[in-house]
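Below is one structure, written out as structure tokens; the observations come after it.
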Amino acid sequence: MRKLILLLPLQFRVLYRQFLLRVIDLEALSIEADIPRFIGQFAGVLIFVSVISALKALFASDAPPEILRGICWAVEQQHISGIMLVVGLFAVVSWDTTFPDKRDAMVLLPLPITPHIILLAKLAASSVIIGIAILSLNFAAGLAWPILVAKACAGNPLRALAAYWFTMVAACAFLYGMVLTVQGMTALLLPRGLFLRLSALLQLVAFGLFLGVYFLQPTIDNQVAMNSASNHHLLICLPSFWFFALFNQLNGSLPTSLGWLATEAWTGLALAVSGAGISLLLCYLRTMRKTIEEPDLVSAMRGMHWTPRFGSALQTAVLFFTIRSLLRSKQHRVIFAFFLAGVFGTALSSVKDAWWVGHRLPLSIDFLASSYLMMVLAVVGLRSVFALPITLHANWVLRTTQMRATRQYVAAARRTLLLLAALPAWLLAAALSNSFYPWREVMAHMAVVAIWGIILTEVSLLGFYKVPFTCSVLPGKINIQFLFWGFFIFAVIFAYMFADFEIHALHNPLRFGLLLAVLAAIEVCLWGFNRHRAKWAVLYFEELPSETITTLGITYLS
């Protein structure tokens with residue numbers, strides 16, 4: 001293998017290693033972060049999900065053939081949708097890393113390196129990450145379920161394995177190719193400044209689109225429903241069904257009436273791959289030099305500009321500084337979008353049943369817990385990006401112009417969290433609550449969610465004596481597995497425990513009144529504590545490492 005790698009051009013090998021490190025934004029991690037370790041932690045989470053799915057296959061293996069076939073159809077659709085979601089989110093995170101940027105144009109163009117070498121190196125780096133995702137998410141499930149499908153269809157296990165893995169790769173290539181095609185065409189047709197503005201909007205839309213499709217799409221586990229005219233529009237609009245048909249076609253288990261669906265998969269795959277290839281090639285040949293000549297930001301339009309007031313002048317300034325930082329900074333936008341994606345996915349999963357049933361359902365523990373988790377993700381997400389500086393220039397400008405007391409800056413940060421995180425999450429939960437009844441219990445629950453959002457805001461401000469986006473970051477380790485399992489073990493369990501307590505309190509006015517009183521008391525205590533501490537606190541703009549004594553571990557033996 002090493003000899004084969006050495007046969008590749010030296011320029012390609014050097015650029016590939018550099019681009020592989022840039023697929024994941026190092027600025028969002030620690031300078032001490034180890035990229036292979038980071039990828040390993042990410043793969044570990046996907047492998048665990050794959051093992052859980054393989055265990056489900058073990059328990060389902062004893063089902064009767066007619067039931068087993070329906071189970072396999074449902075799981076096939078879930079696996080295809082899952083891998084497309086993972087690759088879609090990766091495509092959004094690495095939104096423009098495959099295309100030439102200003103740094104590539106300024107550093108690499110003067111060198112004797114052809115554009116196609118740069119393009120191939122970037123594609124190879126992205127393909128490695130996608131390949132790791134495919135292998136990790138199908139580590140165990142990609143062996144167990146194809147064998148079970150062969151058993152249900154009385155087919156060949158080896159053929160089922162080959163069909164399964166080809167389908168997974170094809171589905172990922174289709175989705176990633178479509179994202180690259182959309183980006184490439186907009187980059188070719190629009191001026192660079194306008195493209196960058198539209199690209200930021202497309203990035204956020206793609207987050208919502210991928211999650212919305214994943215959480216809202218139904219599962220069709222029988223041939224009668226597949227052939228039903230009422231489901232025809234779903235089969236045409238959702239690519240996951242195309243590749244489900246493609247897998248069964250390759251496996252030899254596709255009903256004749258669904259052959260047209262597999263044709264949609266082949267056509268979509270050809271269009272996505274060819275569109276991505278053409279758009280990428282044209283971008284590297286036609287627009288790479290234009291990235292140096294054209295500005296990244298377009299000038300503002302002339303005319304009267306009116307800025308609404310949200311409290312004092314300082315509070316308004318911090319709020320708009322936060323909004324513009326999120327809109328202009330890819331790093332902050334992507335991190336916050338991940339949290340918003342969690343909010344959006346949690347919201348859709350909580351009302352999926354009500355939407356497909358077509359009428360309002362009784363208020364459930366799942367919706368109560370989902371509304372709490374939405375608030376946690378929104379507030380914690382915005383608070384997490386507060387700590388990352390937009391630029392060190394902001395650090396020095398805000399440091400030299402500090403003319404207000406610290407408590408006023410804390411109040412400005414509080415209002416920003418409430419308006420940009422807690423309020424949107426509450427409005428989203430209120431809109432989704434229309435799918436449930438009775439309305440008195442729904443309104444009472446929304447009051448609890450509002451207080452819960454204020455409590456989370458006050459908790460987020462504990463010890464936060466700085467201006468958002470201005471304090472230099474002290475690098476630290478990011479442990480993906482710790483964050484992932486910490487959230488699911490603690491946040492999810494707590495949300496469901498509290499939801500179970502609230503659902504019983506809603507039927508007892510005295511108990512519910514006591515619950516509101518306790519939550520309001522906690523909120524007032526946290527607000528008073530933060531306000532008192534802020535009177536004597538000093539704003540800081542530098543994170544300083546703790547003083548530690550490093551020992552060499554040398555012992556003296558007599």
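Could you run the Karplus curve 6.51 cos²θ - 1.76 cosθ + 1.60 with θ = phi - 60° over the range 186-200 and give me ³J(HN,Hα) per residue in whole Hz, x for Gly and Pro?
Each residue's phi maps through the Karplus curve to give 5, 5, 6, 8, 10, x, 4, x, 5, 4, 5, 5, 5, 4, 4 Hz.
With label points built 7 Å along Cα→Cβ from the Cα atoms of residue 307 and residue 462, find their separation and express it in nm.
3.3
Compute the distribution of all C-alpha to C-alpha distances in the range 176-238, in bins of 5 Å from 0, and list the percent of pairs in each, rounded to whole numbers.
4, 14, 18, 16, 13, 11, 11, 7, 5, 2, 0
Take peptides 329-341, 411-423, 112-124 and line them up by average Cβ neighbours within 10 Å, highest first, as a rough protection proxy. Working shown, then result.
Working: 329-341: 19.9, 411-423: 21.6, 112-124: 17.4.
Packing order, densest peptide first, comes out as 411-423, 329-341, 112-124.
May I ask you to sort 167, 186 by Cβ crowding, counting other Cβ atoms within 10 Å and putting the fewest first? Don't jump to the answer; show the numbers that get you there.
Values: 167 25, 186 15.
Starting with the residue having the fewest Cβ neighbours, the order is 186, 167.
Would you kindly derive the ³J(HN,Hα) couplings of the range 515-523 from the backbone phi angles with the Karplus curve 6.51 cos²θ - 1.76 cosθ + 1.60 (θ = phi - 60°), listing them in order in whole Hz, with x for Gly and Pro?
4, 4, 5, 5, 5, 5, 5, 4, 5
Which FRET efficiency value, to the nearest 0.05, do you get for residue 489 and residue 162 by plugging their Cβ-Cβ distance into 1/(1 + (r/R0)^6) with R0 = 35 Å?
0.40
For the residue pair residue 430 and residue 8, what label-to-label distance in nm results when each label sits 7 Å from Cα along the Cα-to-beta-carbon direction?
5.4
For the residue pair residue 58 and residue 514, what label-to-label distance in nm results when each label sits 7 Å from Cα along the Cα-to-beta-carbon direction?
The answer from the label model is 4.5 nm.
Output ³J(HN,Hα) for the range 155-164: one whole-Hz value per residue in order, computed from phi by the Karplus curve 6.51 cos²θ - 1.76 cosθ + 1.60 with θ = phi - 60°, and x for Gly and Pro.
Once θ is set to phi - 60°, the couplings for the range 155-164 become x, 8, x, 5, 5, 5, 4, 5, 5, 5 Hz.
Please list the non-local residues whose amide H lies under 5 Å from the amide H of residue 436, H modeled 1.01 Å from N, same-chain partners needing a gap of 5 or more.
Excluding prolines and chain starts, which carry no amide H, the hits are 361.
Taken together, the values in this text are just the output of simple stated rules run on the coordinates, not laboratory data. All values reported here derive from a predicted model rather than from experimental measurement. Note: ideal-geometry Cβ built from the backbone for every residue, glycine included; neighbour counts use all protein chains shown.
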